[in-house]
Amino acid sequence: MRVARVIPCLDVTGGRVVKGTNFVDLRDAGDPVELAARYDLEGADELIFLDITASSDDRSTTVDMVRSVAEQVYIPFTVGGGIRTLEDARTMLRAGADKVSVNTAAVQRPELVSEIATVFGDQCVVCAIDAKRRPSDGARWTVETGWEVFLHGGRTPTGIDAVDWARRAVALGAGELLVTSMDRDGTRAGFDLELTRTMSSAVGVPIIASGGVGTLDDLVRGVTDGDADGVLAASIFHFREHTVAEAKAVLAAAGVTVRPAGA
């Protein structure tokens with residue numbers, strides 16, 4: 001039986017949590033350690049921390065933040081951003097992270113996925129995919145056109161088909177995919193359900209849907225229509241529009257199996 005996970009996402013830059021729209025226009029959302037502790041108390045299943053400028057600025061994710069979070073929370077958390085080598089992954093896991101997320105470096109050197117999976121296990125490797133729809137005629141989008149992988153926090157197009165890359169990443173050892181729709185990010189228009197559903201049908205590992213949550217019903221549709229195993233949100237939690245407990249209550253009322261808040 002699938003148990004849907006509710007996962008707050010904390011995009012971090014300069015030691016602060018930020019949130020933007022389509023990966024730009026960032027605004028401050030608070031202290032990462034304080035937010036992590038709050039979500040732990042609210043009953044989040046997991047947390048994901050992404051240093052959104054680590055790859056583009058060529059610097060490492062802050063290890064001190066990871067250690068501080070590990071001291072404050074008791075739920076699993078994933079750390080991504082600037083993880084370029086097996087040693088980077090080892091550092092984050094030793095600092096207290098349960099999983100590492102790889103994106104830019106994995107596309108540039110796919111062997112990184114298998115290296116981490118071989119040493120720490122597939123369950124420790126999350127492959128994050130930032131995907132943007134390809135326009136069919138310059139004016140509208142269709143699922144048949146596919147999605148393109150972008151790197152460096154959405155700054156660099158690759159020409160790589162996102163679904164093809166997802167299949168390869170899983171074959172290399174990724175145990176989970178974090179799939180973010182760049183088109184929906186921060187728009188509050190709901191997940192790109194076609195993207196999430198297509199990814200889910202293409203691979204045999206859990207999919208976390210990301211990008212576009214504006215209401216709690218969007219989380220429900222991410223699971224029921226998007227076939228996601230986990231639903232990720234940021235703004236609605238960071239700015240106290242809703243709590244994790246409220247999200248789980250809405251999911252449960254819609255017939256989605258969730259772990260009780262605080263369980």
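Points worth noting:
- Gyration tensor (alpha-carbon) shape descriptor, region 167-263, a/c threshold 1.5: prolate
- Matching label, semi-axes √(5λ) of the Cα gyration tensor in Å computed from the structure shown, candidates (i) 39, 22, 16; (ii) 24, 23, 18; (iii) 42, 22, 16: (ii)
- Comparing Ser101, Ser201, Ser210 in a Gaussian network model of the chain (Cα springs below 10 Å), the most mobile by mean-square fluctuation is Ser201.
- Accessible area expressed per residue, the chain, with surrounding protein chains retained (probe 1.4 Å, Å²): 41
- Ellipticity at 222 nm from helices only: DSSP H runs of n ≥ 4 in the chain, each -39500 (n - 2.57), divided by the residue count, give -9500 deg cm²/dmol.
- Counting DSSP beta bridges with both ends in region 94-235, the antiparallel % (nearest 5): 35
- Residues in region 43-50 carry Karplus couplings, in order, of x, 4, 7, 8, 10, 10, 10, 10 Hz; the curve used is 6.51 cos²θ - 1.76 cosθ + 1.60 with θ = phi - 60°, and Gly or Pro positions show x.
- Of Phe191, Phe77, Phe120, the one that fluctuates the most in a GNM where the chain has Cα springs shorter than 10 Å: Phe120
- Cα-centre dipole for the chain with unit charges at Cβ (Lys and Arg positive, Asp and Glu negative), debye to 20: 80
- The figure for Val220 is an accessible area of roughly 20 square angstrom, using a 1.4 Å probe on the protein chains alone.
The values are calculated or read from the model by the stated rules, or taken from the named source; none is laboratory data. Since the model is a prediction, treat every value here as computed from it, not as a measurement. Please note: Cβ atoms are built from the backbone with ideal geometry, for glycine as well, and neighbour counts cover all protein chains shown. These area figures cover heavy atoms from the full protein model, side chains too; ligands, DNA and RNA do not enter into them. Shrake-Rupley method; radii C 1.70, N 1.55, O 1.52, S 1.80 Å.
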